[in-house]
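S.K.: To start, I am sharing the structure in question, which I have written as structure tokens.
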Amino acid sequence: QVQLVESGGGLVQAGGSLRLSCRASETVDTPNTMAWYRQAPGKQRELVAAMTSGGSANYADLAQGRFTISRDSAKNTVSLQMNSLKPDDTAIYYCNLRRIFTHYWGQGTQVTGFS
């Protein structure tokens, strides 16, 4: 069973930056996709950004121009650089790894933005 461990969440003032990281406990066969989702209080979980094992990235509208996803396949890690944070970005951010129809989730890391 692959385990995902996130780190890097915290409290940040509007306009500030945070970098989230996620490490998988083992290598997963390719192709696969690693992604970041988030869930705000009272809302559904939503995709933030994803990157395939081949290096293709896609972003939700909420992340365009502000967030950057990256992967280090040798280290089984995925990161999310978040800039120009807003209070609306407050949520629990979850790391996700998908291989065909199997999904793995991290425990989540809290990001709280304040003005």
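The values are calculated or read from the model by the stated rules, or taken from the named source; none is laboratory data. No experiment lies behind these values; they were computed from the predicted model shown. When we count neighbours, we look across all protein chains shown, and the Cβ atoms used for this are built from the backbone with ideal geometry, even at glycine. The accessibility values were calculated without ligands, DNA or RNA, using every heavy atom of the protein model including side chains. Shrake-Rupley method; radii C 1.70, N 1.55, O 1.52, S 1.80 Å.
S.K.: Can you give the charge dipole size of the chain about its Cα centre, rounded to the nearest 20 debye, using +1 on the beta carbon of Lys and Arg and -1 on the beta carbon of Asp and Glu?
M.R.: The dipole of the chain has a size of about 20 debye.
S.K.: First compute the accessible area of the chain with a 1.4 Å probe, then give the percent of it belonging to carbon and sulfur atoms.
M.R.: Carbon and sulfur together cover 47 percent of it.
S.K.: In percent, how large is the relative contact order of the chain, given Cα pairs closer than 8 Å and 6 or more residues apart?
M.R.: 36 percent
S.K.: Rolling a 1.4 Å sphere over the protein heavy atoms, what is the accessible area per residue of the chain, to the nearest Å²?
M.R.: It amounts to 54 Å² per residue over the chain.
S.K.: Follow-up. Please identify the chymotrypsin sites (Phe, Trp or Tyr not before Pro) of segment 80-115 that satisfy two criteria: DSSP loop assignment and at most 14 other Cβ atoms within 10 Å. Which are they?
M.R.: The qualifying sites are Phe101.
S.K.: Give me the distance between the Cα centres of segment 88-102 and segment 16-74, rounded to whole Å.
M.R.: 7 Å
S.K.: Give me the compactness ratio for the chain, meaning the Cα radius of gyration over 2.2 N^0.38 Å.
M.R.: My calculation over the Cα atoms of the chain gives 1.00.
S.K.: Next question. For Ser7 and Thr112 in the same chain, what is the full-extension length gain: residue separation times 0.36 nm, less their Cα-Cα distance, in nm?
M.R.: 36.4 nm
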